[in-house]
1. Once amide H atoms are placed 1.01 Å from N in the peptide plane, what residues at a sequence separation of 5 or more from A:A126, or on another chain, have their amide H within under 5 Å of its amide H?
2. For chain A, what is the calculated [θ] at 222 nm in deg cm²/dmol (nearest 500), taking -39500 (n - 2.57) for each run of four or more DSSP H residues and dividing by its residue count?
3. Looking at the stretch A:62-170, which trypsin sites (Lys or Arg not before Pro) are in a loop (DSSP not H, G, I, E or B) and have at most 14 other Cβ atoms within 10 Å?
4. Given the Cα atoms of the stretch A:183-276, and with Rh set as the inverse mean 1/r over their pairs in the Kirkwood sense, what is Rg to Rh to two decimals?
5. Give, ordered by residue number, each residue of the stretch B:56-87 whose 1.4 Å probe accessible area is reduced by a minimum of 40 Å² on adding the remaining protein chains to the chain alone.
6. Ignoring solvent entirely, what values of log10 I(q)/I(0) come out of the Debye formula for the stretch B:22-108 at 0.12, 0.13, 0.23 Å⁻¹ when each Cα is a single scatterer?
7. With N denoting the number of residues in the stretch A:59-138, provide Rg(C-alpha) divided by 2.2 N^0.38 Å, to two decimal places.
8. Using alpha carbon centroids, what distance separates the stretch A:77-132 and the stretch A:41-68, in Å?
Amino acid sequence: MKLVQFRKLLRGYKAVNLLISILFLYSSSVVSAADLADGKVVSLSHNPASSDLIVAYPQALYQLDTQTQQRVSVALPATVERITAVVAQAGNPGVIYLAAPGAGVLRSTDGGKNWEPRNEGLPGKAVTGLIGHANQPDTLYAVISDAGIFRSENAGGDWQLMDGGPENMTDIMVHSDMPGSMQTGWVFAATRTGVARSMDCFCLWREAGALVGEITGLTYNPKQPAHIYAATVEGVFRSQDGGENWALVEGSPPEVTALFVTISGQLYAGTRSGELFKKAHQTKRWQQFDGF
Amino acid sequence: MAFRMWLRLCIGLLSILSLTSYASETVSPDISLLDAGREIYQQRCAVCHGADAEGAPDWQKPNQRGDMPAPPHGSEGHTWRHSDAMLQQMISQGWRDPFNKTERLTMPAFQKVLAPQETAAVITYLKSLWTEEQRQYQQQESKARPRNPAQSQLLDK
């Protein structure tokens, strides 16, 4: 009798143990924003050739298939302590650039399997911002706080100081090939008081419209280069005239920290809590993306 | 013995001088065009850009019409950031800041007024107002951008 009871007890124990194991494995495989350090979406980019959205968190990088919503983690080199920006090179699926203070600018040419530093000519590795030129794949702009904005025209092979940046600049910029520039396009920069705009000769920074407040996300629409999007504490704003006038995009998710528009015109937003949203075409609806 | 020592000293000195001049090659404006350029500038450009190329007052902000005023051409301005091709096009065909409130050209066109050589002379004069570092940057830009595709596209419309 006691033996039977013991066997029942043992079976019960094994069942509970199995259940606990299953639950543990399940919870380990689900990566939620809360599991990631800070949980904030730092930067977004897009690879048009593969349709992958590149999503950067402070200590994690993912390639997210926008069709299947499956994400693949990209291993980061040990030198990366904190990501501040990611840029996927247009026209070349394997090329990704990272900005990481302490590591500087890093480039991978094989989709993130291997990384190499690209810091020649930079005064240090405290790179806090990085963007790509709208239509010159090898041209990049990097921000080093207290040093300014640097340009490379050879995929990070060497860098040249272009400008100190606008007053109150943060680290977020975007390059647009909007017509009318004396050079090849325009640089829009986020500041603590609004959006600043300069031709990419860095001739003169001017206020882009009357948007007031710290800008936490900035992007442009490659299909309509005069369309600029900027995120503030009040929501996401859109300008259709190069930053002269701004209108609130209805239904914006709260606390947007990263914005990106793909070459097809799809707008994505990442938030402080690590969530991803995309704006449905022709409607006011924002759809939460990737289940966070 | 002494002769050999002096010979070595002279050779060494010449080597150092040649290396030094190679390492710190300066960009010097063409002197033959400088005077002509200065004169043309005073006749055609000073009315907007100032007799000393100091630019219009408050040039960094739109004026009462909502248009951008004439900038300075010296080291405090941004003329040095543009390639020769860009400067030639701007002077020849003019340019309008796309954010001006009026349809007026920000920079008027001088192709009917100035011959190409006169335009080159003015640009030469402007280069004399820059720092050496700015001249070197502008020289690099001119080599890298012998023709500005974006501006060409704009002005070819």
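1. Amide H neighbours of A:A126, under 5 Å, 5+ apart: A:G102.
2. Mean residue ellipticity at 222 nm (helix-derived): -3500 deg cm²/dmol.
3. Listed in order of number, the matching sites are A:K113.
4. 0.95
5. Relative to the lone chain, where solvent access is computed with a 1.4 Å probe, the stretch B:56-87 loses at least 40 Å² at B:H78, B:R81, B:H82.
6. Results for the stretch B:22-108 at q = 0.12, 0.13, 0.23 Å⁻¹ read -0.43, -0.49, -1.35.
7. Cα Rg divided by the expected 2.2 N^0.38 Å: 1.08.
8. With the stretch A:77-132 and the stretch A:41-68 each reduced to a Cα centre, they are spaced 14 Å.
The values are calculated or read from the model by the stated rules, or taken from the named source; none is laboratory data. All figures in this text were calculated on a predicted structure; none of them were measured in a lab. In this analysis, Cβ positions are derived from the backbone assuming ideal geometry, glycine residues included, and neighbour counts consider all displayed protein chains. Heads up: the accessible areas ignore ligands, DNA and RNA and are worked out on the full protein's heavy atoms, side chains in. Shrake-Rupley method; radii C 1.70, N 1.55, O 1.52, S 1.80 Å.
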